[in-house]
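*Asks:* This is the structure I want to talk about, given as C-alpha coordinates.
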Amino acid sequence: MIIQPRTRGFICLTAHPDGALQAVKNQIEYVKSKGKIKNGPKKVLVIGASTGFGLSSRIAAAFGSDAATIGVFFEKPASEGKMGTAGWYNSAAFEKEAHAAGLYAKSINGDAFSDDIKRQTIDLIKKDLGQVDLVVYSLASPRRTHPKTGVAYASVLKPIGEPFTNKTVDFHTGVVSDITISPVENEEDIANTIAVMGGEDWKFWIEDLKNAGVLADGVKTVAYSYIGPELTFPIYRNGTIGQAKNDLEKTVTVLNDLLKDLHGVSYVSVNKALVTQSSSAIPVVPLYISLLYKVMKEKGTHEGTIEQMQRLFAGRLYTENGEVPLDADGRIRIDDWEMAEDVQAEVAKYWDKVTTETLPDISDIEGYRKEFFNLFGFEIDGVDYKKDANENVKIPSIE
Ligand code: NAD
Ligand code: NA
(Lines give C-alpha, C1' and ligand atoms only; values in the text may rest on other atoms or scores of the structure.)
(Ligands and ions follow the chains in the order given, each with its own letter.)
Protein backbone atom coordinates (compact mmCIF):
# COMPACT_ATOMS: atom_id res chain seq x y z
CA MET A 1 0.00 0.00 0.00
CA ILE A 2 0.95 3.66 -0.32
CA ILE A 3 1.60 4.87 3.21
CA GLN A 4 1.22 8.52 4.11
CA PRO A 5 1.62 10.36 7.39
CA ARG A 6 -1.59 10.87 9.32
CA THR A 7 -1.24 13.00 12.44
CA ARG A 8 -3.37 13.81 15.44
CA GLY A 9 -1.68 16.56 17.46
CA PHE A 10 1.76 15.37 18.46
CA ILE A 11 1.01 11.78 17.49
CA CYS A 12 1.55 10.26 14.06
CA LEU A 13 -0.84 7.38 13.50
CA THR A 14 1.01 5.83 10.57
CA ALA A 15 4.59 4.75 9.99
CA HIS A 16 6.59 3.84 6.91
CA PRO A 17 8.62 0.58 6.95
CA ASP A 18 10.96 1.55 4.08
CA GLY A 19 11.61 4.94 5.67
CA ALA A 20 12.29 3.30 9.02
CA LEU A 21 14.76 0.92 7.35
CA GLN A 22 16.59 3.81 5.67
CA ALA A 23 16.67 5.82 8.92
CA VAL A 24 18.16 2.85 10.80
CA LYS A 25 20.72 2.35 8.01
CA ASN A 26 21.68 6.03 8.28
CA GLN A 27 22.28 5.63 12.02
CA ILE A 28 24.38 2.51 11.40
CA GLU A 29 26.47 4.34 8.79
CA TYR A 30 27.11 7.17 11.24
CA VAL A 31 28.32 4.78 13.96
CA LYS A 32 30.56 2.93 11.50
CA SER A 33 32.06 6.23 10.29
CA LYS A 34 33.26 6.92 13.85
CA GLY A 35 35.29 3.70 14.05
CA LYS A 36 35.22 0.98 16.69
CA ILE A 37 34.70 1.87 20.34
CA LYS A 38 37.70 0.51 22.26
CA ASN A 39 36.81 -1.72 25.24
CA GLY A 40 33.12 -1.31 24.39
CA PRO A 41 30.26 -3.52 25.58
CA LYS A 42 29.86 -7.05 24.15
CA LYS A 43 26.52 -8.36 25.45
CA VAL A 44 23.90 -5.69 25.86
CA LEU A 45 20.32 -5.54 27.08
CA VAL A 46 18.43 -2.41 25.98
CA ILE A 47 15.09 -1.77 27.70
CA GLY A 48 13.14 0.68 25.51
CA ALA A 49 15.11 -0.28 22.39
CA SER A 50 12.74 0.55 19.54
CA THR A 51 12.84 4.35 19.20
CA GLY A 52 14.70 7.46 20.36
CA PHE A 53 17.72 7.14 22.63
CA GLY A 54 17.19 3.41 23.25
CA LEU A 55 17.27 2.50 19.55
CA SER A 56 20.37 4.62 19.07
CA SER A 57 22.01 2.99 22.12
CA ARG A 58 21.37 -0.41 20.57
CA ILE A 59 22.83 0.68 17.24
CA ALA A 60 25.89 2.26 18.89
CA ALA A 61 26.55 -0.95 20.89
CA ALA A 62 26.02 -3.31 17.95
CA PHE A 63 27.77 -1.43 15.17
CA GLY A 64 30.30 0.46 17.29
CA SER A 65 31.34 -2.44 19.47
CA ASP A 66 30.15 -5.63 17.72
CA ALA A 67 27.83 -6.26 20.65
CA ALA A 68 25.17 -8.93 20.79
CA THR A 69 21.94 -7.13 21.72
CA ILE A 70 18.61 -8.03 23.21
CA GLY A 71 16.03 -5.27 22.81
CA VAL A 72 12.85 -4.96 24.88
CA PHE A 73 10.04 -2.66 23.77
CA PHE A 74 6.28 -2.26 23.49
CA GLU A 75 5.24 -1.96 19.84
CA LYS A 76 2.58 -3.21 17.45
CA PRO A 77 2.92 -5.10 14.15
CA ALA A 78 0.56 -4.32 11.29
CA SER A 79 -2.85 -5.95 11.51
CA GLU A 80 -5.92 -5.86 9.29
CA GLY A 81 -4.97 -2.92 7.12
CA LYS A 82 -3.55 -0.97 10.06
CA MET A 83 0.08 0.01 9.97
CA GLY A 84 2.59 -1.26 12.48
CA THR A 85 4.17 1.28 14.84
CA ALA A 86 7.40 3.08 14.00
CA GLY A 87 9.26 1.20 16.73
CA TRP A 88 8.13 -2.09 15.25
CA TYR A 89 9.54 -1.18 11.83
CA ASN A 90 12.72 0.24 13.39
CA SER A 91 13.30 -3.00 15.26
CA ALA A 92 12.65 -5.12 12.19
CA ALA A 93 15.16 -2.97 10.31
CA PHE A 94 17.70 -3.16 13.11
CA GLU A 95 17.56 -6.96 13.37
CA LYS A 96 17.78 -7.34 9.60
CA GLU A 97 20.90 -5.17 9.42
CA ALA A 98 22.47 -6.70 12.54
CA HIS A 99 21.97 -10.25 11.26
CA ALA A 100 23.37 -9.30 7.85
CA ALA A 101 26.47 -8.03 9.69
CA GLY A 102 26.78 -11.32 11.58
CA LEU A 103 25.65 -9.85 14.90
CA TYR A 104 23.36 -11.55 17.41
CA ALA A 105 20.13 -9.55 17.83
CA LYS A 106 16.86 -10.67 19.35
CA SER A 107 13.88 -8.74 20.62
CA ILE A 108 11.11 -9.08 23.19
CA ASN A 109 7.86 -7.21 22.64
CA GLY A 110 5.70 -6.54 25.69
CA ASP A 111 5.27 -4.55 28.89
CA ALA A 112 8.74 -4.06 30.37
CA PHE A 113 7.17 -3.02 33.69
CA SER A 114 5.74 -6.53 34.14
CA ASP A 115 7.39 -9.45 35.94
CA ASP A 116 6.54 -11.68 32.99
CA ILE A 117 8.59 -9.71 30.45
CA LYS A 118 11.48 -9.54 32.92
CA ARG A 119 11.31 -13.33 33.27
CA GLN A 120 11.19 -13.84 29.48
CA THR A 121 14.20 -11.56 29.07
CA ILE A 122 16.19 -13.42 31.73
CA ASP A 123 15.35 -16.77 30.10
CA LEU A 124 16.57 -15.48 26.73
CA ILE A 125 19.81 -14.14 28.22
CA LYS A 126 20.42 -17.49 29.95
CA LYS A 127 19.70 -19.44 26.79
CA ASP A 128 21.69 -17.35 24.30
CA LEU A 129 24.18 -15.04 26.02
CA GLY A 130 24.72 -16.37 29.52
CA GLN A 131 25.24 -12.89 30.93
CA VAL A 132 25.09 -9.26 29.83
CA ASP A 133 27.76 -6.63 30.54
CA LEU A 134 25.62 -3.54 29.84
CA VAL A 135 21.98 -2.78 30.64
CA VAL A 136 20.55 0.37 29.04
CA TYR A 137 17.31 1.59 30.61
CA SER A 138 15.53 3.93 28.16
CA LEU A 139 11.82 3.60 28.80
CA ALA A 140 9.52 6.56 28.28
CA SER A 141 5.89 5.85 29.03
CA PRO A 142 2.80 7.73 30.18
CA ARG A 143 1.61 4.83 32.35
CA ARG A 144 2.78 1.85 34.37
CA THR A 145 0.98 -1.03 35.97
CA HIS A 146 2.87 -1.93 39.14
CA PRO A 147 3.94 -5.58 38.94
CA LYS A 148 3.56 -6.28 42.67
CA THR A 149 0.31 -4.44 43.46
CA GLY A 150 -1.45 -4.27 40.10
CA VAL A 151 -2.08 -0.55 40.61
CA ALA A 152 -2.16 1.37 37.30
CA TYR A 153 -0.35 4.71 37.49
CA ALA A 154 -0.65 7.55 34.97
CA SER A 155 2.00 10.27 34.85
CA VAL A 156 1.16 13.95 34.41
CA LEU A 157 3.20 16.77 32.90
CA LYS A 158 2.49 19.67 35.23
CA PRO A 159 4.23 22.37 37.21
CA ILE A 160 4.25 22.18 41.00
CA GLY A 161 3.00 25.10 43.12
CA GLU A 162 2.34 27.94 40.68
CA PRO A 163 0.63 27.96 37.29
CA PHE A 164 3.19 28.26 34.49
CA THR A 165 2.70 30.59 31.54
CA ASN A 166 5.09 30.69 28.62
CA LYS A 167 5.28 30.48 24.87
CA THR A 168 4.62 27.28 23.00
CA VAL A 169 4.38 26.29 19.35
CA ASP A 170 2.14 24.09 17.27
CA PHE A 171 4.91 22.68 15.09
CA HIS A 172 2.50 21.64 12.34
CA THR A 173 1.18 25.17 11.79
CA GLY A 174 4.05 27.27 13.16
CA VAL A 175 1.67 29.25 15.38
CA VAL A 176 3.34 30.54 18.54
CA SER A 177 1.01 31.28 21.44
CA ASP A 178 0.96 31.63 25.20
CA ILE A 179 0.01 28.59 27.19
CA THR A 180 -0.85 28.45 30.88
CA ILE A 181 -0.52 25.10 32.58
CA SER A 182 -2.14 24.74 35.97
CA PRO A 183 -0.10 23.14 38.70
CA VAL A 184 -0.80 19.73 40.21
CA GLU A 185 -3.78 19.73 42.50
CA ASN A 186 -2.51 17.06 44.83
CA GLU A 187 0.55 15.14 45.90
CA GLU A 188 -0.85 12.09 44.18
CA ASP A 189 -0.06 13.51 40.71
CA ILE A 190 3.57 13.80 41.77
CA ALA A 191 3.66 10.32 43.31
CA ASN A 192 2.01 8.81 40.22
CA THR A 193 4.54 10.43 37.90
CA ILE A 194 7.40 9.14 40.05
CA ALA A 195 5.82 5.67 40.00
CA VAL A 196 5.83 5.72 36.17
CA MET A 197 9.07 7.52 35.28
CA GLY A 198 11.12 7.26 38.50
CA GLY A 199 13.72 4.65 39.36
CA GLU A 200 11.70 1.80 40.86
CA ASP A 201 11.31 -0.22 37.68
CA TRP A 202 15.01 0.21 36.82
CA LYS A 203 15.77 -1.17 40.30
CA PHE A 204 13.37 -4.09 39.81
CA TRP A 205 15.12 -4.97 36.54
CA ILE A 206 18.60 -4.88 38.04
CA GLU A 207 17.48 -6.86 41.12
CA ASP A 208 15.86 -9.56 38.98
CA LEU A 209 18.78 -9.74 36.55
CA LYS A 210 21.24 -9.98 39.43
CA ASN A 211 19.25 -12.62 41.32
CA ALA A 212 19.08 -14.69 38.13
CA GLY A 213 22.87 -14.54 37.80
CA VAL A 214 22.75 -12.98 34.34
CA LEU A 215 24.83 -9.86 35.10
CA ALA A 216 28.52 -10.19 34.23
CA ASP A 217 31.32 -9.16 36.55
CA GLY A 218 31.99 -5.45 35.96
CA VAL A 219 28.50 -4.89 34.54
CA LYS A 220 27.40 -1.32 33.77
CA THR A 221 23.88 0.03 33.67
CA VAL A 222 22.76 3.45 32.45
CA ALA A 223 19.44 5.33 32.46
CA TYR A 224 18.66 8.67 30.84
CA SER A 225 17.69 11.98 32.35
CA TYR A 226 17.20 15.59 31.31
CA ILE A 227 17.82 18.98 32.90
CA GLY A 228 17.53 21.75 30.28
CA PRO A 229 17.39 25.53 30.61
CA GLU A 230 15.68 27.59 33.30
CA LEU A 231 12.90 28.61 30.94
CA THR A 232 11.59 25.03 30.95
CA PHE A 233 12.24 24.38 34.66
CA PRO A 234 8.61 24.93 35.77
CA ILE A 235 7.30 22.32 33.30
CA TYR A 236 10.30 20.03 33.26
CA ARG A 237 12.97 19.89 35.94
CA ASN A 238 10.92 21.47 38.74
CA GLY A 239 7.67 19.93 37.52
CA THR A 240 6.25 16.46 38.05
CA ILE A 241 8.55 14.83 35.46
CA GLY A 242 11.56 16.44 37.16
CA GLN A 243 10.55 14.81 40.45
CA ALA A 244 10.56 11.47 38.66
CA LYS A 245 14.01 12.25 37.23
CA ASN A 246 15.28 13.13 40.73
CA ASP A 247 14.03 9.74 41.88
CA LEU A 248 15.73 8.03 38.91
CA GLU A 249 19.00 9.81 39.70
CA LYS A 250 18.80 8.79 43.39
CA THR A 251 18.40 5.16 42.32
CA VAL A 252 22.05 5.20 41.18
CA THR A 253 23.19 4.96 44.83
CA VAL A 254 20.89 2.01 45.48
CA LEU A 255 22.04 0.19 42.35
CA ASN A 256 25.72 0.84 43.06
CA ASP A 257 25.26 -0.93 46.42
CA LEU A 258 23.45 -3.77 44.74
CA LEU A 259 26.15 -4.17 42.08
CA LYS A 260 29.16 -3.77 44.37
CA ASP A 261 29.95 -7.47 44.73
CA LEU A 262 29.86 -7.77 40.93
CA HIS A 263 32.21 -4.78 40.60
CA GLY A 264 29.35 -3.21 38.68
CA VAL A 265 28.41 0.46 38.35
CA SER A 266 25.23 2.34 37.52
CA TYR A 267 24.97 5.73 35.86
CA VAL A 268 22.47 8.34 34.88
CA SER A 269 23.36 10.15 31.69
CA VAL A 270 21.86 13.59 31.20
CA ASN A 271 21.07 13.78 27.48
CA LYS A 272 20.36 16.62 25.09
CA ALA A 273 16.84 17.80 24.24
CA LEU A 274 15.84 16.08 21.01
CA VAL A 275 12.79 15.45 18.91
CA THR A 276 11.36 12.09 19.97
CA GLN A 277 7.85 10.77 20.38
CA SER A 278 8.10 11.52 24.10
CA SER A 279 9.50 15.05 23.98
CA SER A 280 6.99 16.27 21.39
CA ALA A 281 4.24 15.68 23.97
CA ILE A 282 5.64 18.23 26.44
CA PRO A 283 4.33 21.81 26.10
CA VAL A 284 6.90 24.66 25.61
CA VAL A 285 9.74 22.16 25.01
CA PRO A 286 9.26 21.82 21.20
CA LEU A 287 9.60 25.61 20.80
CA TYR A 288 12.78 25.54 22.88
CA ILE A 289 14.10 22.63 20.77
CA SER A 290 13.39 24.47 17.52
CA LEU A 291 15.45 27.47 18.72
CA LEU A 292 18.15 25.21 20.16
CA TYR A 293 18.50 23.33 16.85
CA LYS A 294 18.95 26.58 14.96
CA VAL A 295 21.68 27.82 17.29
CA MET A 296 23.51 24.47 17.53
CA LYS A 297 23.35 23.86 13.78
CA GLU A 298 24.85 27.30 13.17
CA LYS A 299 27.64 26.53 15.63
CA GLY A 300 28.19 23.07 14.14
CA THR A 301 27.49 21.35 17.47
CA HIS A 302 24.06 19.90 16.68
CA GLU A 303 23.57 16.21 17.44
CA GLY A 304 20.73 13.72 17.02
CA THR A 305 20.13 10.63 19.17
CA ILE A 306 22.76 8.56 17.34
CA GLU A 307 25.50 11.20 17.67
CA GLN A 308 24.62 11.50 21.36
CA MET A 309 24.71 7.76 22.00
CA GLN A 310 27.92 7.21 20.03
CA ARG A 311 29.54 9.96 22.12
CA LEU A 312 28.09 8.51 25.34
CA PHE A 313 29.68 5.14 24.61
CA ALA A 314 33.01 6.26 23.17
CA GLY A 315 33.56 9.39 25.26
CA ARG A 316 31.93 8.56 28.60
CA LEU A 317 31.00 4.93 29.39
CA TYR A 318 33.92 3.26 27.60
CA THR A 319 36.82 5.69 27.53
CA GLU A 320 40.31 4.49 26.67
CA ASN A 321 41.63 5.02 30.20
CA GLY A 322 38.50 3.52 31.72
CA GLU A 323 37.51 6.69 33.57
CA VAL A 324 33.93 7.90 33.32
CA PRO A 325 33.74 11.71 33.56
CA LEU A 326 30.95 12.82 35.93
CA ASP A 327 29.53 16.14 37.15
CA ALA A 328 29.51 17.25 40.80
CA ASP A 329 26.30 15.28 41.36
CA GLY A 330 27.76 12.08 39.94
CA ARG A 331 25.96 12.24 36.59
CA ILE A 332 27.27 11.75 33.06
CA ARG A 333 26.68 14.92 31.02
CA ILE A 334 26.27 14.63 27.27
CA ASP A 335 24.01 17.65 27.35
CA ASP A 336 27.25 19.63 27.67
CA TRP A 337 27.03 21.16 24.19
CA GLU A 338 23.35 22.05 24.68
CA MET A 339 24.08 23.69 28.03
CA ALA A 340 27.17 25.61 26.81
CA GLU A 341 26.88 29.24 27.94
CA ASP A 342 27.08 30.75 24.45
CA VAL A 343 24.39 28.39 23.15
CA GLN A 344 22.03 29.13 26.04
CA ALA A 345 22.61 32.89 25.80
CA GLU A 346 21.59 32.86 22.14
CA VAL A 347 18.57 30.67 22.72
CA ALA A 348 17.43 33.02 25.51
CA LYS A 349 17.81 36.01 23.18
CA TYR A 350 15.71 34.32 20.50
CA TRP A 351 13.17 33.15 23.08
CA ASP A 352 12.27 36.77 23.87
CA LYS A 353 11.87 37.57 20.17
CA VAL A 354 9.98 34.52 19.02
CA THR A 355 6.46 35.03 17.64
CA THR A 356 4.46 33.39 14.88
CA GLU A 357 5.92 36.03 12.53
CA THR A 358 9.58 35.67 13.50
CA LEU A 359 9.53 31.88 13.96
CA PRO A 360 10.51 30.87 10.39
CA ASP A 361 13.57 33.15 10.50
CA ILE A 362 14.94 32.68 13.99
CA SER A 363 14.13 29.03 14.65
CA ASP A 364 14.68 25.68 12.98
CA ILE A 365 10.97 24.85 13.12
CA GLU A 366 11.29 23.27 9.68
CA GLY A 367 14.02 20.99 11.02
CA TYR A 368 11.82 20.12 13.99
CA ARG A 369 8.90 19.26 11.75
CA LYS A 370 11.04 17.16 9.43
CA GLU A 371 12.63 15.26 12.32
CA PHE A 372 9.21 14.59 13.78
CA PHE A 373 8.11 12.95 10.53
CA ASN A 374 11.47 11.17 10.27
CA LEU A 375 10.63 9.42 13.57
CA PHE A 376 7.83 7.65 11.71
CA GLY A 377 9.85 6.88 8.60
CA PHE A 378 8.54 9.82 6.55
CA GLU A 379 10.50 12.48 4.65
CA ILE A 380 13.66 10.36 4.75
CA ASP A 381 15.96 11.24 1.84
CA GLY A 382 16.29 8.55 -0.79
CA VAL A 383 13.03 6.75 0.00
CA ASP A 384 10.47 6.41 -2.79
CA TYR A 385 7.15 7.12 -1.09
CA LYS A 386 5.20 6.66 -4.29
CA LYS A 387 6.18 3.01 -4.37
CA ASP A 388 3.92 0.37 -2.84
CA ALA A 389 5.18 -0.48 0.62
CA ASN A 390 4.62 -3.77 2.40
CA GLU A 391 3.33 -2.93 5.88
CA ASN A 392 3.45 -6.57 7.05
CA VAL A 393 7.07 -6.53 8.11
CA LYS A 394 8.24 -9.23 10.49
CA ILE A 395 10.80 -8.82 13.22
CA PRO A 396 12.96 -11.88 12.52
CA SER A 397 13.29 -13.02 16.17
CA ILE A 398 9.59 -12.54 16.99
CA GLU A 399 7.12 -15.21 15.85
P1 NAD B 1 10.94 7.24 23.08
O2 NAD B 1 9.49 7.47 23.25
O3 NAD B 1 11.56 7.47 21.75
O4 NAD B 1 11.31 5.73 23.50
C5 NAD B 1 10.63 5.05 24.51
C6 NAD B 1 10.91 3.55 24.43
O7 NAD B 1 10.26 2.92 25.55
C8 NAD B 1 10.38 2.85 23.18
O9 NAD B 1 11.30 1.85 22.79
C10 NAD B 1 9.09 2.18 23.68
O11 NAD B 1 8.72 1.01 22.97
C12 NAD B 1 9.51 1.82 25.08
N13 NAD B 1 8.40 1.59 26.00
C14 NAD B 1 7.49 2.49 26.45
N15 NAD B 1 6.64 1.88 27.32
C16 NAD B 1 7.04 0.58 27.40
C17 NAD B 1 6.59 -0.54 28.14
N18 NAD B 1 5.57 -0.48 28.99
N19 NAD B 1 7.24 -1.72 27.96
C20 NAD B 1 8.29 -1.83 27.10
N21 NAD B 1 8.78 -0.79 26.41
C22 NAD B 1 8.15 0.40 26.56
O23 NAD B 1 11.63 8.12 24.21
P24 NAD B 1 13.06 8.81 24.37
O25 NAD B 1 12.87 10.27 24.17
O26 NAD B 1 14.12 8.10 23.63
O27 NAD B 1 13.26 8.62 25.94
C28 NAD B 1 14.10 7.65 26.52
C29 NAD B 1 14.68 8.19 27.81
O30 NAD B 1 15.50 9.33 27.50
C31 NAD B 1 13.61 8.70 28.80
O32 NAD B 1 14.04 8.41 30.11
C33 NAD B 1 13.64 10.20 28.57
O34 NAD B 1 13.19 10.94 29.68
C35 NAD B 1 15.12 10.41 28.34
N36 NAD B 1 15.50 11.69 27.70
C37 NAD B 1 14.83 12.17 26.61
C38 NAD B 1 15.20 13.40 26.06
C39 NAD B 1 14.51 13.98 24.85
O40 NAD B 1 14.66 15.16 24.58
N41 NAD B 1 13.80 13.19 24.09
C42 NAD B 1 16.28 14.13 26.62
C43 NAD B 1 16.96 13.60 27.71
C44 NAD B 1 16.54 12.37 28.25
NA1 NA C 1 14.23 5.00 23.82
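The values are calculated or read from the model by the stated rules, or taken from the named source; none is laboratory data. No experiment lies behind these values; they were computed from the predicted model shown. Here the Cβ positions follow ideal geometry from the backbone for every residue, glycine too, while neighbour counts run over all protein chains shown. Each accessible area value is taken on the protein alone, full model and side chains, heavy atoms only, with ligands, DNA and RNA left out. Shrake-Rupley method; radii C 1.70, N 1.55, O 1.52, S 1.80 Å.
*Asks:* Tell me which DSSP H helices of the chain clear both cut-offs, 18 Å or more of axial length from alpha-carbon atoms and a mean Kyte-Doolittle hydropathy of at least 0.0.
*Replies:* Details: long enough: 17-33 (24 Å, -0.54); 52-65 (19 Å, 0.80); 86-100 (21 Å, -0.61); 240-259 (29 Å, -0.07); 285-299 (21 Å, 0.40); 341-353 (19 Å, -1.19).
Taking the DSSP H segments of the chain (at least 18 Å long, mean hydropathy at least 0.0), we get 52-65, 285-299.
*Asks:* At 1.4 Å probe size, with every protein chain present, just tell me what the per residue accessible area of the stretch 223-373 comes to in Å². Mind showing how you got there, number by number?
*Replies:* Details: 5820 Å² over 151 residues.
Per residue, the stretch 223-373 has 39 Å² of solvent-accessible surface.
*Asks:* Hey, another quick one. Not counting the cut sites, what is the longest span of the chain without trypsin sites (Lys or Arg not before Pro) that DSSP labels loop and that have at most 13 other Cβ atoms within 10 Å?
*Replies:* Numbers: sites that count: Arg6, Lys36, Lys38, Lys148, Lys386, Lys387.
It runs 149-385.
*Asks:* Moving on to the next point. Give me the net charge for the shell around Ile125: Cβ to Cβ below 14 angstrom, other residues only, Lys and Arg +1, Asp and Glu -1. List each step's numbers first, then the result.
*Replies:* Values: positive: Lys42, Lys43, Lys106, Lys118, Arg119, Lys126, Lys127, Lys210; negative: Asp123, Asp128, Asp133, Asp208.
Net charge in that neighbourhood comes out at +4.
*Asks:* Does anything in the stretch 23-52 have its amide N under 20 Å from the 7 Å Cα→Cβ label point of Asp116, and if so which residues?
*Replies:* Answer for this model: 47-49.
*Asks:* Shifting gears a bit: Can you tell me, using C-alpha contacts under 8 Å and at least 6 residues apart, the relative contact order of the chain as a whole percent?
*Replies:* In percent, rounded to a whole number, it is 24.
*Asks:* Given only helices, namely DSSP H runs of n ≥ 4 each adding -39500 (n - 2.57), what is the per-residue ellipticity at 222 nm of the chain, to the nearest 500 deg cm²/dmol?
*Replies:* Details: 13 runs with 153 residues, N = 399.
Here the helix-only value at 222 nm equals -12000 deg cm²/dmol.
*Asks:* Test of understanding: in a Gaussian network model of the chain with alpha carbons linked when under 10 Å, which of Asn26, Asn211, Asn246 would top the mean-square fluctuation ranking?
*Replies:* In the Gaussian network model the winner is Asn211.
*Asks:* Please report the carbon-and-sulfur percent of the accessible area for the chain; probe 1.4 Å, protein heavy atoms only, DNA, RNA and ligands left out.
*Replies:* Summing carbon and sulfur atoms, their accessible area is 50 percent of the total for the chain.
*Asks:* Taking a quarter of the surface of the convex hull around the Cα atoms of the stretch 171-223, what do you get in nm²?
*Replies:* That works out to 7.2 nm², a quarter of the Cα hull's surface.
*Asks:* When only C-alpha pairs under 8 Å and at least 6 residues apart count, what is the relative contact order of the stretch 1-122, in percent? Show your work: numbers first, answer last.
*Replies:* Numbers: 193 pairs, mean separation 29.8, N = 122.
In percent, rounded to a whole number, it is 24.
*Asks:* Follow-up question, since we're still on this one. Cross-link candidates for Lys167: which lysines have Cα within less than 16 Å, leaving aside residues fewer than 8 places away along the same chain?
*Replies:* The reachable lysines, counting only those whose Cα sits under 16 Å from Lys167, are Lys158, Lys349, Lys353.
*Asks:* Around Leu291, what is the net charge, scoring Lys/Arg as +1 and Asp/Glu as -1 over all other residues with Cβ under 9 Å from its Cβ?
*Replies:* Cβ neighbours under 9 Å give a net charge of -1.
*Asks:* Given the Cα-Cα distance of Gln4 and Asn211 and 0.36 nm per residue of separation, how much length would full extension add, in nm?
*Replies:* Values: separation 207, 0.36 × 207 = 74.52 nm, distance 4.64 nm.
Net length gain for the segment: 69.9 nm.
*Asks:* Per residue, how much accessible surface does the stretch 1-134 expose to a 1.4 Å probe? Answer in Å², no decimals.
*Replies:* Accessible area per residue: 41 Å².
*Asks:* Separate question: Could you tell me the calculated FRET efficiency between Glu187 and Ala348, based on Cβ-Cβ distance and R0 = 30 angstrom, to the nearest 0.05?
*Replies:* With a Förster radius of 30 Å, E is 0.40.
*Asks:* Work out how much length Asp381 to Glu80 would gain on full extension: take 0.36 nm times their residue separation and subtract the Cα-Cα distance, in nm to one decimal. Walk me through the intermediate numbers first.
*Replies:* Details: separation 301, 0.36 × 301 = 108.36 nm, distance 2.87 nm.
Gain on stretching Asp381 to Glu80: 105.5 nm.
*Asks:* Another question, then. Find, to one decimal place in angstroms, the Kirkwood hydrodynamic radius of the stretch 11-91, where the mean of 1/r is taken over every pair of different Cα atoms and then inverted.
*Replies:* 13.3 Å
*Asks:* Give me P(r) over the stretch 339-399, computed from all C-alpha to C-alpha distances, binned every 5 Å, as integer percentages.
*Replies:* Values per bin, smallest distances first: 4, 13, 13, 15, 14, 12, 8, 6, 9, 6, 1.
*Asks:* Roughly what would the spin-label model give for Glu29 and Glu399, points 7 Å off Cα along C-beta, in nm?
*Replies:* In this crude spin-label approximation the distance works out to 3.8 nm.
*Asks:* Now for a different question. In whole angstrom, how far apart do the alpha carbon centroids of the stretch 128-163 and the stretch 195-256 sit?
*Replies:* The two parts, judged by their Cα centres, are 9 Å apart.
*Asks:* Mind computing the radius of gyration and Dmax over the alpha-carbon atoms of the stretch 67-138? Å is fine for both.
*Replies:* Rg then Dmax for the stretch 67-138, in Å: 13.1, 40.
*Asks:* Ok, one more. Just add up the charged neighbours of Val219: K/R +1, D/E -1, any other residue whose Cβ is under 10 Å from the Cβ of Val219.
*Replies:* Working: positive: Lys43, Lys210, Lys220; negative: Asp133, Asp217.
For residues surrounding Val219, the net value is +1.
*Asks:* Diagonalise the Cα gyration tensor of the chain and give the resulting equivalent ellipsoid semi-axes, square root of 5 times each eigenvalue, largest first, whole Å.
*Replies:* Whole-Å semi-axes of the equivalent ellipsoid: 30, 26, 22.
*Asks:* So for the stretch 232-305, what are the equivalent ellipsoid semi-axes in whole Å, largest first, each being the square root of 5 times an eigenvalue of the Cα gyration tensor?
*Replies:* Each semi-axis is the square root of five times an eigenvalue, giving 30, 17, 9 Å.
*Asks:* Ok, one more. Scan around Gly110 for amide H atoms under 5 Å from its own, H built in the peptide plane at 1.01 Å from N, and keep only partners 5 or more places away or cross-chain.
*Replies:* Phe73, Phe74, Glu75
*Asks:* For all pairs of alpha-carbon atoms in the stretch 142-279, what percent lies in each bin of width 5 Å, listed from the first bin to the last filled one?
*Replies:* 2, 9, 16, 18, 18, 15, 10, 6, 4, 2, 1
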